[in-house]
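Accompanying notes for the structure given below.
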Amino acid sequence: MNEQAELRRFRVGLVAVLALVAVAWGVYQAVQPAYDPRHDDPGFDSAYYLEWSDSILSGVDPAARFEGAFYRAPLYAYGISALRGILGASVGVIRWLQLVLALAATATLAHAAFRWAGAPAGIGTALVLGAYHPWLFFSSRVLVEGVAISLLALAVALIPCRSPRWTGLAAAALALATLARPNLLLVGIVWIAAAWWSGERRKAVILALVLAVTLLPVTAWNFQRSGHVVPVSANGGLTLYHGNGPGALGVFTSVAGMGAAIESQRAEATRAAQRLTGRPMDAVEADRYWGRQAVRERLAHPLGSAVLVWNRALLTLGNEEIALDEAPGLDPNPWHRAMFVPFAMIVALAAAGCGCVHRDRASIWIWTAIAACLATPLMFYASSRYRLPFAILLAVPAGAGLARVLEGNRRAVVTALVVGALSVGVPLVAGMTMPYSTIIAQARADGEAELASAFHDRAGLASDETERARWAAAARAALDRGRGSDARSAKVWFYEGMIARDQGRPVDAEKAWLRAWQDGQVAPPRVAAAANLGGIWIRSGRARAAERLLREALRLEPLDETCRHNLIAAHLALGEMDRARQEIAEARRLGVPVDPELDALSRSGG
């Protein structure tokens, strides 16, 4: 078949696949409001970016919000602010635009696969990406992943071109992707090294210069505001510690004294670093402190560090989609079943297609980008969001592998079956070096608990009784599934108590929070439950029991504001004014804000 005929074959096949994908994605997005409890009131990182965008649109000085260098990469917040402020786009429109962008990125990577391995490979890549649920899941939410990966896909498609102009455009796309997801800077570093090593010195210089020039304005802004050189954002040290600190297992690990809520995470991390070092720090210094602690912890335990990397590799290459806030594996939208390609299939097909993506030296760019994206979960921790860039780029060789399998290539079929079985069988291997089943069960339970809370909140906003009952039933079902996954999940019992309290069942709320405190294994929800219990016990005349409980909770989370406030309130209820004033002084020493009303009561003698 000549080149023109192959090109026509590719274009026809690609249009057909993209049309099917567009219909499936469109239906999924159209029915989202009926199933997604956070659709009208986004949570987690989505809420953070929308609040950031609100502050930009209201003209609030970013320095007042961020206290120096950016905590998160700024491109996405400023991008959606431009759409909302200049074009008047609603959040719903932004979601649809992101889907269109993800569809364009799918076509871009399909074209890259076509260039490297032919028309069947390109069509196969489009099919694999279109049917991979996490790609749709994250692109359809107010999250940075869809935008960052789309820019990365553009860079991957442009980088093989020898023209300096196209190299510059590829570098610019990658730099913008880095301003959305800083870990993608690893791709640029690897590309510069690969270009230099392969003798393409001019390409290496262009990549380095364009990346530097594009990142420079943000670096300069960070330096002006913080006095520190921060290329993009200042949260890498804490993220490194979450995956490499004491007790790390390969997934996100809570840190004593810090919750997981992004809106308070930076302040809590700074206060915790100041408490542990006994000296004042700004937010950037605190983040670097946590990064150094992570490195020291790993260097102090070389064997344990090797096992930890092995665990992360297994978790990353396994078929399970591990939640980090948003959980694609718990997607309540039934149309997610139309996206039928699991991660194990992508890995299996990519292994089968390894020998195909070799038409010219251009294949070095896709393989180095894949390796750089794999480095992120191996360095930090395994999660579906951290794995997503790796999975999306891996679809290029996977498309080639799918073409070989459909052609009946025996070696490709055997390779795909073996590698796919290994990915699905990760739990059997991982169980030898880590409590794999426990980790996955806890993650599912915690995800169900968060989902139950969102369902409950949506029920409270429902306009009629039928809707309210439907969302309330969904919340109850999610809690039941959470307990079924892990009966000792502190987060499940904590939200059980929150829902019982909101429904006017204080006795059930107290029982649930007590269960969370006594049986739970993860500190933050246990401490939150103890804080609520302390408040109940103070109001019911059990201030001494509350005081003992709150002191025990504060040993786990010394900087928990609610526990500190309730401990002061317990002393006030007991008439122990001196003790209350001592606790107020201790809270201030630790940097924990003190309720002015409690302070006034302690000074007035009750």
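What the table shows:
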| item | result |
| --- | --- |
| Check on GLY534, under 27 Å from ASP502 (Cα atoms), without any contact (Cβ under 8 Å) to a residue 40 or more places away in the chain and part of a helix (DSSP H, G or I) | yes |
| Exclusive hit being part of a helix (DSSP H, G or I), outside the structural domain of ALA117 (by TED's automatic domain parsing) and not aromatic (Phe, Trp, Tyr), set VAL347, VAL309 | VAL309 |
| Helices (runs of 4 or more DSSP H) contained entirely in segment 374-464, each with at least 2 residues that are within 24 Å of ALA117 (Cβ to Cβ) | 384-406, 410-424 |
| Wholly enclosed helices (runs of 4 or more DSSP H) of segment 213-303 bearing at least 2 residues among the aromatic types (Phe, Trp, Tyr) and at pLDDT 90 or above | 283-300 |
| Index of the failed condition, ALA587 passing every other in (1) surrounded by 19 or more Cβ atoms within 10 Å (Cβ to Cβ); (2) modelled with pLDDT under 85 | (2) |
| Yes/no for GLY247 being in contact with a Ser or Thr (Cβ under 7 Å, 6 or more places away or on another chain) and closer than 25 Å to ILE439 by Cα | yes |
| Selected residue [outside the structural domain of PRO332 (by TED's automatic domain parsing) and under 23 Å from the mean Cα position of the chain (by Cα)] from LEU394, LEU451 | LEU451 |
| Some residue of segment 563-578 being surrounded by fewer than 23 Cβ atoms within 10 Å (Cβ to Cβ), closer than 25 Å to ASP486 by Cβ and either among the aliphatic types (A, V, I, L, M) or free of Cβ contacts under 8 Å to residues at least 60 places away in the same chain (or both) | no |
| Search result, residues across segment 110-168 that are touching a strand residue (DSSP E or B) at 6+ places or on another chain (Cβ under 6 Å) and aromatic (Phe, Trp, Tyr) | TYR132 |
| Total residues in segment 395-433, condition surrounded by 19 or more Cβ atoms within 10 Å (Cβ to Cβ) and in contact with a Phe, Trp or Tyr (Cβ under 9 Å, 6 or more places away or on another chain) | 8 |
| Within segment 74-157, helices (runs of 4 or more DSSP H) holding 3 or more residues that are within 22 Å of ALA369 (Cβ to Cβ) and of a type in the set (Gly, Ala, Ser) | 91-117, 119-130 |
| Candidates TYR35, TYR76 - the one that is over 24 Å from THR214 (Cβ atoms) and in the same structural domain as ARG181 (by TED's automatic domain parsing) | TYR35 |
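The values are calculated or read from the model by the stated rules, or taken from the named source; none is laboratory data. Please read these numbers as outputs of a predicted model, since none were measured by experiment. Note that each Cβ is placed from the backbone with ideal geometry, even for glycine, and that neighbours are counted across all protein chains shown.
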